[in-house]
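The values are calculated or read from the model by the stated rules, or taken from the named source; none is laboratory data. All figures in this text were calculated on a predicted structure; none of them were measured in a lab. Using ideal geometry, Cβ is built from the backbone for each residue, glycine included, and neighbour counts are taken over all protein chains shown.
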Protein chains: 2
Amino acid sequence: MPKPLQDTVGAFIPGPRVELPGAASGPLVGLSFAVKDLYDVAGQPTTYGNPDWAATHPPAVATAPSVQALLQAGAALCGKTKTVELAYGLTGENVWHGTPTNPNAPDRFPGGSSCGSAAATAAGLVDFAMGSDTGGSVRIPASYCGVFGIRPTWGAISLAGACPLGPSFDTPGWFAGRAGVLQAVGEVLLPQDSPAGPLGPLLRVEEAWANADPLTAAALAPALARLDARFGAALRLGLAPEGLDALYEHFRCAQAEEAWAALGAWVVSAQPKFGPGVAERFAAARTMPPEKAAAGRAFRRGFQARLAALLAGGAVLVYPTSPAPAPRLTAPQAEQNAVRERTMGVTAIAGLAGLCEVSLPAARVDGAPVGLSLVAAAGRDRALLALAAEAASVLDLPV
Amino acid sequence: MPKPLQDTVGAFIPGPRVELPGAASGPLVGLSFAVKDLYDVAGQPTTYGNPDWAATHPPAVATAPSVQALLQAGAALCGKTKTVELAYGLTGENVWHGTPTNPNAPDRFPGGSSCGSAAATAAGLVDFAMGSDTGGSVRIPASYCGVFGIRPTWGAISLAGACPLGPSFDTPGWFAGRAGVLQAVGEVLLPQDSPAGPLGPLLRVEEAWANADPLTAAALAPALARLDARFGAALRLGLAPEGLDALYEHFRCAQAEEAWAALGAWVVSAQPKFGPGVAERFAAARTMPPEKAAAGRAFRRGFQARLAALLAGGAVLVYPTSPAPAPRLTAPQAEQNAVRERTMGVTAIAGLAGLCEVSLPAARVDGAPVGLSLVAAAGRDRALLALAAEAASVLDLPV
């Protein structure tokens, strides 16, 4: 049964909280959760973070199957959480619903787009929370808020009943304060892994470590050393001779075309009001040259093949989830844009290649959280969650 | 039937050549071969490159099983070839038998210790030749003489009837002028591969590329680009944060102790005369502190595990076989020593980890050959030979 809950960090969408009891028995009994407000819950509006979206869409007729699975497993839903408008942003800002407070760094952004789910989890309002991840929307708020987060293998879990942003990149995802809860949710939602041997070794992705702020890399170094001692993490991998900027650019172009294909008709017809940044991104998506999107897709095919072959034997990539802690709330828009581009060069690794990634709340920089990511081959989500739980134990994180 | 053969490069040991016909039928009928004079041939002395060794050992009572297998497969033996004394050196120098001429760079060393086998193959005197490899003794002369060479997985092929140098490192190996012949010999000698999927992708080992002379790296770059276009070779791997110097040092210490264990009693009792360098290496082996050898073995265990896990999925390492073409015959001893140390930091990768490695005659620098190596997981020798044959075709090398 959910405990009495006060939304101390502004994580939930305004209005009465949507509450549903979990089944009386099941592996998640006793756990409470929230869902990002792009998942449908029967009879409720789905705002997708934007008032005009809510005003132009009827309440949901059915609950998203993933949410339904969690309820049936015994978890209790205690609210729908804020999201960046149409999930198209990484800071977590929402000018209509209010930006959630980052519980572990109140002077900084919570990260997004799954900002409310990350904040609710970090504040201990729920045991876990569902988000979604297209270009980093679970991983980045997990890193910024100091909680565990997973972006599962693309296609592993149904996104039926969830709003799209870039369907060939979109995945669900979830946050938890403890590694064991992150894993337990996976056991409910994930298919069985493709048969394969144990995961390992860990490969340090050089570009991502070099891309990190020196203070962030230094803050994560002790955790890396402990993982090395336990699992072996001495091998270094250079996976993008093109540079992370090129990964980001290919990701951006291919994804923007999909965003416009998925949402452009509504943008044109509804003429919605957008907060800062979101309008600009849809304007760029609208005018994305088809040949740039095609080049992005072609690059993705080669990059996927490159990583799939490398990771088939069980190797796991390890690198800072974000190159730095969250930007401060006072950061100017230009700085926010620069941070987003630099961050998405890293998140594009799993994003382009369709890999599964778990972010561990492994360190703090200037008091603000920053995550360490473990990234495995597509289809190895359960093994990755088990590895993450073991890593959490090695790192003395909540298990 | 072997063609009339004139030893234009001084590849064979002095005296009458040891000739044996091959079986009338078999996969190697029509091919001629030579064997390094550390393999036993029944009724013949095995000199091991040193007159005192020959004088203190009776003629062999049996032919080494690997040589016997080649004869039974139809190949015709047409001689025993020169080796560095007790196989303990990389230049190919032998002051007692005379250093073979490098057919493709006559002003440079042929490389060793399997110098005569490499020279005989490069000069076209034989279709293939058996060598042996402890720390590079097939791979380096293959690189220097411009022929194909393989060091198979440690333990894959029996070394019965072959003189030891460092038993936990020693492997046989062979040279061929054509990739198809290199592969055909493997089909006779090698066990079936461990079941596994296809090989790939190719990983550029950063330390080995950085260790190569700039001219050598540049000369090999076009071949790498062609392999990248065909097989994917864009990923870069840093496998030795300890540095190649540390790999060499661990290799040297562990191997020297074994060399003294295998050969020390004979050195003490026979008081052999050695040429330059060999005596010094045995003196160092004799005084190797046990704790340094133990540290080398301990390092090897971790390094093996690190590489085995990484390569289990089929990934193949790619790097210059040697950091430069062969040193010139006029190089002073100090320069030869420096070249050896720098070279063995690279050969120690497969040497320590027990991997299989094929060197392709991929480029020339200042007119002198230099090889490009493909290195696969232990037990993947047949797949590696098939990949090497495909690579040879891509690179327009003799197939």
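Residues in region B:276-291 that are part of a loop (DSSP other than H, G, I, E, B) and either among the hydroxyl-bearing types (S, T, Y) or surrounded by 14 or more Cβ atoms within 10 Å (Cβ to Cβ) (or both): B:G277, B:T287, B:M288. Across region A:94-113, the number of residues qualifying as surrounded by fewer than 24 Cβ atoms within 10 Å (Cβ to Cβ) and under 16 Å from A:Q333 (Cβ atoms) comes to 2. Within region A:21-32, being surrounded by fewer than 19 Cβ atoms within 10 Å (Cβ to Cβ) and not polar (S, T, N, Q) holds for A:P21, A:A23, A:A24, A:G26, A:P27, A:V29, A:G30. Checked against (1) modelled with pLDDT of 95 or more; (2) more than 30 Å from A:R380 (Cα to Cα); (3) more than 22 Å from the chain's Cα centre (by Cα), A:A334 passes all but a single condition, namely (1).
May I ask you to say which residue of A:R286, A:R297 is touching a residue at least 40 places away in the same chain (Cβ under 8 Å), over 30 Å from B:L307 (Cα atoms) and more than 11 Å from chain B (Cβ to nearest Cβ)?
A:R297
Only a single item in (1) closer than 25 Å to B:G155 by Cβ; (2) of a type in the set (A, V, I, L, M, F, W, C); (3) surrounded by fewer than 24 Cβ atoms within 10 Å (Cβ to Cβ) is not met by B:I140, and it is number (3). Residues being away from every other protein chain (no Cβ under 14 Å), more than 30 Å from A:D107 (Cβ to Cβ), modelled with pLDDT of 95 or more and in contact with a Pro (Cβ under 7 Å, 6 or more places away or on another chain) are entirely absent from region A:138-150. Tell me, which residue of region A:381-392 that is in contact with a Gly (Cβ under 8 Å, 6 or more places away or on another chain) and of a type in the set (D, E, K, R) is surrounded by the most Cβ atoms within 10 Å (Cβ to Cβ)? Among those that are in contact with a Gly (Cβ under 8 Å, 6 or more places away or on another chain) and of a type in the set (D, E, K, R), it is A:D381.
Residues in region A:307-336 that are crowded, with 21+ Cβ neighbours inside 10 Å and part of a helix (DSSP H, G or I): A:L307, A:A309, A:L310, A:L311. Taken over region B:204-228, the criterion of being out of contact with any Lys or Arg (no Cβ under 7 Å at 6 or more places or on another chain) and under 16 Å from A:L307 (Cα atoms) is satisfied by B:D228 alone. The single residue among A:A279, A:A259 that is under 24 Å from A:G351 (Cβ atoms) and touching a residue at least 12 places away in the same chain (Cβ under 8 Å) turns out to be A:A259. Looking across region A:8-22, the residues that are touching a residue at least 12 places away in the same chain (Cβ under 8 Å) and part of a loop (DSSP other than H, G, I, E, B) come down to A:T8, A:V9, A:G10, A:A11, A:I13, A:P14, A:R17, A:V18, A:E19, A:P21, A:G22.
Quick check on B:R236: is it in contact with an Asp or Glu (Cβ under 8 Å, 6 or more places away or on another chain) and without any contact (Cβ under 8 Å) to a residue 40 or more places away in the chain? For B:R236, the condition - in contact with an Asp or Glu (Cβ under 8 Å, 6 or more places away or on another chain) and without any contact (Cβ under 8 Å) to a residue 40 or more places away in the chain - is met.
Any residue at all in region B:74-83 that is crowded, with 22+ Cβ neighbours inside 10 Å, modelled with pLDDT of 95 or more and closer than 19 Å to B:A270 by Cβ? Yes, region B:74-83 has at least one match. Quick check: is even one residue across region B:382-390 without any contact (Cβ under 8 Å) to a residue 60 or more places away in the chain, under 20 Å from the mean Cα position of the chain (by Cα), outside any loop (DSSP other than H, G, I, E, B) and closer than 21 Å to B:G131 by Cβ? Checked against the condition, which is being without any contact (Cβ under 8 Å) to a residue 60 or more places away in the chain, under 20 Å from the mean Cα position of the chain (by Cα), outside any loop (DSSP other than H, G, I, E, B) and closer than 21 Å to B:G131 by Cβ, region B:382-390 yields no hits at all.
Look at B:P201 and say whether it is free of Cβ contacts under 8 Å to residues at least 12 places away in the same chain and either farther than 29 Å from B:R328 by Cα or not acidic (D, E) (or both). Here the answer is no, as B:P201 does not meet what is asked.
Restricting region A:192-222 to residues that are within 29 Å of B:G314 (Cα to Cα) and of a type in the set (G, A, S), the residue that is modelled with the lowest pLDDT is A:A196. Going by the structure shown, is B:D37 surrounded by 16 or more Cβ atoms within 10 Å (Cβ to Cβ), more than 17 Å from B:G124 (Cβ to Cβ) and under 21 Å from the mean Cα position of the chain (by Cα)? Against the criterion (surrounded by 16 or more Cβ atoms within 10 Å (Cβ to Cβ), more than 17 Å from B:G124 (Cβ to Cβ) and under 21 Å from the mean Cα position of the chain (by Cα)), B:D37 qualifies. For region B:202-219, residues that are within 14 Å of chain A (Cβ to nearest Cβ) and touching a strand residue (DSSP E or B) at 6+ places or on another chain (Cβ under 8 Å) total 8. Yes or no: B:F251 away from chain A (no Cβ under 14 Å), of a type in the set (F, W, Y), under 23 Å from B:A378 (Cβ atoms) and in contact (Cβ under 8 Å) with a residue 60 or more places away in the chain? Spelling it out, B:F251 is indeed away from chain A (no Cβ under 14 Å), of a type in the set (F, W, Y), under 23 Å from B:A378 (Cβ atoms) and in contact (Cβ under 8 Å) with a residue 60 or more places away in the chain.
For region A:311-327, indicate whether the set of residues that are more than 23 Å from the chain's Cα centre (by Cα), within 20 Å of B:A233 (Cβ to Cβ), touching a residue at least 24 places away in the same chain (Cβ under 8 Å) and within 14 Å of chain B (Cβ to nearest Cβ) is non-empty.
yes
Looking only at region B:113-145, residues that are over 14 Å from B:S373 (Cβ atoms), touching a strand residue (DSSP E or B) at 6+ places or on another chain (Cβ under 9 Å) and either of a type outside the set (V, I, T) or not in a loop (DSSP other than H, G, I, E, B) (or both) come to 19 in all. Inside region A:328-385, can you point out the residues that are among the charged types (D, E, K, R) and touching a strand residue (DSSP E or B) at 6+ places or on another chain (Cβ under 6 Å)? Passing the criteria: A:R328, A:E357, A:D381.
Restricting B:G367, B:G354, B:G371 to residues that are buried (at least 24 other Cβ atoms within 10 Å of the Cβ) and touching a residue at least 60 places away in the same chain (Cβ under 8 Å) narrows the list to B:G371.
Restricting attention to region B:23-76, which residues are farther than 14 Å from B:A160 by Cα and in a helix (DSSP H, G or I)? Listed by number, the residues that qualify are B:P51, B:D52, B:W53, B:A54, B:A55, B:T56, B:L70, B:L71, B:Q72.
Pairing residues of region B:94-111 that are within 12 Å of B:P141 (Cβ to Cβ) with residues that are in a loop (DSSP other than H, G, I, E, B) and of a type in the set (D, E, K, R), at Cβ distances under 8 Å and at least 6 apart in sequence or on separate chains, gives B:T99/B:K82; B:T99/B:E93; B:P100/B:K82; B:F109/B:E93.
Somewhere in region B:338-350, is a residue under 15 Å from B:D133 (Cβ atoms), within 14 Å of chain A (Cβ to nearest Cβ) and in contact (Cβ under 8 Å) with a residue 40 or more places away in the chain? Yes: region B:338-350 contains one or more residues that are under 15 Å from B:D133 (Cβ atoms), within 14 Å of chain A (Cβ to nearest Cβ) and in contact (Cβ under 8 Å) with a residue 40 or more places away in the chain. Of all the residues in region A:220-243, those that are more than 14 Å from chain B (Cβ to nearest Cβ) and within 22 Å of the chain's Cα centre (by Cα) number 2.
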